[in-house]
Amino acid sequence: MQREIKMEKEALAPAWRGRTPKGQQIAAEGFAPPLAPKDRVWKYKKYACRAKCFDITAGGKIIVLNETEAHENDLYTSHRVILRTPKAETVAIIDVSSDLVGRGEIVLFSEVTSDLGVMDGAQIEIMHMQRPASIEFIKKKMDGRTLAKREIDTVMRELMENRLSEAELSSFITSIYIRGMSEDEVVGLTESVVGTGQTLQLNRHPICDKHCVGGVAGNRTTMVIVPIIAAAGLYIPKTSSRSITSAAGTADTMEVHANVSLELDEMREIVQKAHGCMVWGGALKLASADDKLIKIRNPLSLDPKGVLLASILAKKKSVGAENVIIDIPIGRGAKIPDQKEANELARDFISIGKRLGMRIEVLVTDGSEPVGKGIGPALECRDVLSVLSNEGPSDLYDKSCQLAGALLELSGKVKKGSGYSVAEKLVASGKALAKFREIVELQGGHPNVNVDDVPVAAYKHTVYAKENGRIFHIDNKMISKVARAAGAPNDKAAGLLLLCERGDKVGKG
């Protein structure tokens, strides 16, 4: 295939620029026109293919080209290319095949077709792309060297522009897991992640927030804490996650009552009216890079401390949080196994939070067993409403009041040592329940919901004890697996109800 190339003088990259003795600019053959003005590259005059669209999620922005034709155009497996249509463009990673795709064709999977907005037969222009600058910085981290803020910014920018392959991002996460991060690097990563998305500007103070490191089944404290704090007159714009491996995330549980997929302006309006909200962070463009990093971390089952800290604190910083309570559950089966590791993590949260302009207090709690009776969205909703109605479960009630009380004290709303009792009074008076219902209504739900109004699944199976004994341990992971097998969280009415807790005597049958 004849290839005609032309030079775009205004588009020469410093990374590929050279100087001849006469001062002429030169560049390697085969580089493409810019994805953005900052990219200085060369291009082929034309290399276009007809789209074959597959409604399959590939797990990344991957395309398949005809092997012979790709090689004729100096394109090989794992190369990056810019794909363009008259209305859109994106970056993708190449795979090649001689069987799946013929000459003049390009196979697109759902991630790419969504970006480009194309269907079968669409003409796609394919262009070379220069090597991402982040590769050198990832290698630098793999060598155990410290990354500068501008280098971390570059990695996050190219992550957001989809220029990095899954293998390269996995290497970045793995290098942090092995080499660790300095405090300066964690601060830099946090600020970079915040910079990849929007920020919530409330123009109200003080702004509070809360986070749990996770790993405990049930544990729906957020849905109790938010109305307590809001009822006390403080602001708490709470963004929460959906379930990844658990039976429910806070967003899944709140969605039983109300809409959690809100725009940033909607969220702001609700918080200004009710002082609080509980929404799904994934629907907002807050700290956008964090969601991409989570997708890389989860398959690897890696949670490097530096990335964990940056992930949590970036979300807090993006909503303008000034006072933050962090819950670190420890114990058998929890993410953090012991007090020593929890104390080290707590010190990091407090120190880094201070540098980011946040006052942080950390509570190390018992995470060795589930909190609450219900495991699954609807059943956890019932627990929350029971607690706000000044009933049970006692462990969820007690932990929620502890955390809310600590946040009231940290914000200066109440005197030191009186936070728990103030939280209890806000629940006992019905003010917290009224605030919860106000938030639910503003988020599009029915305001007068009661425990019995929350539907649960029609079919059930009761597990009976096979012998006499005492409950010694309830495994968080296994309980979550059982609830997921029952259908949670996709089926919000499904889950598991614990009729006993650790220490209870149980009779056969």
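Structure summary
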| quantity | calculated |
| --- | --- |
| Dimensions in Å of the stretch 262-363 - Rg and Dmax from alpha carbons | 15.1, 42 |
| Segments 208-215, 437-444 sorted - mean Cβ within 10 Å per residue, highest first | 208-215, 437-444 |
| Angle in degrees between helix 166-179 and the longest Cα principal axis of the chain, rounded to the nearest 10 | 60 |
| Helix 305-318 axis, angle to the chain major axis (alpha carbon atoms, nearest 10°) | 80 |
| Size-normalised alpha-carbon gyration radius of the stretch 104-181, reference 2.2 N^0.38 Å | 1.40 |
| Overall dimensions of the stretch 201-298 as given by Cα atoms, namely Rg and Dmax in Å | 13.4, 39 |
| Mean separation of Cα contacts under 8 Å, 6 or more apart, over the residue count of the stretch 260-299: relative contact order % | 42 |
| The chain - Rg and Dmax from Cα coordinates, angstrom | 26.3, 93 |
| Between helix 288-300 and the chain: long-axis angle, C-alpha atoms, 0 to 90°, nearest 10 | 80 |
| The chain, relative contact order [Cα under 8 Å, separation at least 6], % | 13 |
| The stretch 126-257 pair-distance distribution - Cα-Cα, 10 Å bins, rounded % | 10, 28, 28, 25, 9, 1 |
| Residue 64 - accessible surface, heavy atoms, 1.4 Å probe, Å² rounded to 10 | 10 |
| Cα centroid of the stretch 91-161 to Cα centroid of the stretch 332-406, whole Å | 39 |
| Percent of alpha-carbon pairs separated by more than 21 Å within the stretch 358-503 | 55 |
| Residues listed by number, the stretch 356-376, amide nitrogen under 11 Å from residue 183 label point at 7 Å toward C-beta | 356 |
| Antiparallel content of DSSP bridges confined to the chain, in %, to 5 | 45 |
| Theoretical ellipticity at 222 nm over the chain - DSSP helices of four or more residues, -39500 (n - 2.57) apiece, nearest 500 | -11500 deg cm²/dmol |
| Whole-Å semi-axes of the ellipsoid equivalent to the stretch 336-415 (Cα gyration tensor, √5λ, descending) | 27, 18, 11 |
| Sequence-distant residues sharing a close amide H with residue 365 (under 5 Å, placed H) | 328, 330 |
| FRET efficiency, residue 502 to residue 55 (Cβ-Cβ, R0 56 Å, nearest 0.05) | 0.75 |
| Of all accessible heavy-atom area on the chain, the percent that carbon and sulfur account for (1.4 Å) | 49 |
| Space enclosed by the convex hull of the alpha-carbon atoms of the stretch 261-301, per residue, Å³ | 72 |
| Relative packing of peptides 111-118, 398-405 - highest average C-beta neighbours within 10 Å first | 398-405, 111-118 |
| Dipole moment magnitude, nearest 20 debye, the stretch 252-344 about Cα centre, only Lys, Arg, Asp, Glu C-beta charged | 280 |
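The values are calculated or read from the model by the stated rules, or taken from the named source; none is laboratory data. Predicted, not measured: the structure shown is a model, and the values here were computed from it. Using ideal geometry, Cβ is built from the backbone for each residue, glycine included, and neighbour counts are taken over all protein chains shown. The protein model used for the area step is the full one, side chains on, heavy atoms only, and it has no ligands, DNA or RNA in it. Shrake-Rupley method; radii C 1.70, N 1.55, O 1.52, S 1.80 Å.
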